[in-house]
Amino acid sequence: MTKNQQAMAAVIDLLLVSGFVPDGETRQEHVRIPTAKTPVFGHSGGVLATLGGRQRFVKSGTTIKATVGQRTTALYRIEGAGLEGVRGIATLATNELSAIRAAVESL
């Protein structure tokens with residue numbers, strides 16, 4: 001496993017021990033991102049990238065959710081419909097397990 005994968009596994013273990021359960025994945029999109037060497041012109045150029053597909057968890061009996069990605073882990077609360085109902089709690093680097101633990105314990 002890479003260091004990023006090890007960090008993700010540690011965060012997922014922490015969430016599961018803290019009462020979170022798996023809740024699917026975030027939506028995944030494939031996009032073209034322009035670079036200096038390959039700008040995007042219409043339907044060509046750029047570098048293909050995949051965005052999203054992060055693992056999602058929900059704390060049982062609450063509206064608190066978490067997404068875990070290779071770079072960042074986000075904790076948030078759902079208070080209404082759509083994006084307007086999402087209230088961020090914390091977005092932290094996935095490799096900073098102690099900061100994530102402190103945020104989860106404060107919930």
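A few remarks follow.
- Pairwise FRET efficiency - R71 versus L48, Cβ, R0 = 25 Å, nearest 0.05: 0.85
- Relative frequency of Cα-Cα separations exceeding 18 Å in the range 49-107, percent: 34
- Residues with amide H under 5 Å from that of T94, placed H, sequence gap 5 or more: T72, T73
- With both labels modelled 7 Å from their Cα along Cα-to-Cβ, the L97 to Q28 distance reads 2.6 nm.
- Working from the Cα coordinates of the range 6-57, the gyration tensor eigenvalues give, after taking √(5λ), semi-axes of 35, 12, 5 Å in decreasing order.
- With a simple spin-label model that places each label point 7 Å from the Cα along the Cα-to-Cβ direction, the separation between L83 and V40 comes to 1.6 nm.
- Mean separation of Cα contacts under 8 Å, 6 or more apart, over the residue count of the chain: relative contact order %: 24
- Dipole size of the chain about its Cα centre, with +1 on Lys/Arg Cβ and -1 on Asp/Glu Cβ: approximately 240 debye, rounded to the nearest 20.
- Ellipsoid semi-axes in whole angstrom, largest first, where each is sqrt(5λ) of the Cα gyration tensor of the range 1-102: 29, 18, 11
Just so you know, all these numbers are worked out from the coordinates, no wet-lab data involved. Small disclaimer: the values here were computed from a predicted structure and weren't measured. A quick note on method: Cβ atoms are made from the backbone with ideal geometry, for glycine too, and the neighbour counts reach across all protein chains shown.
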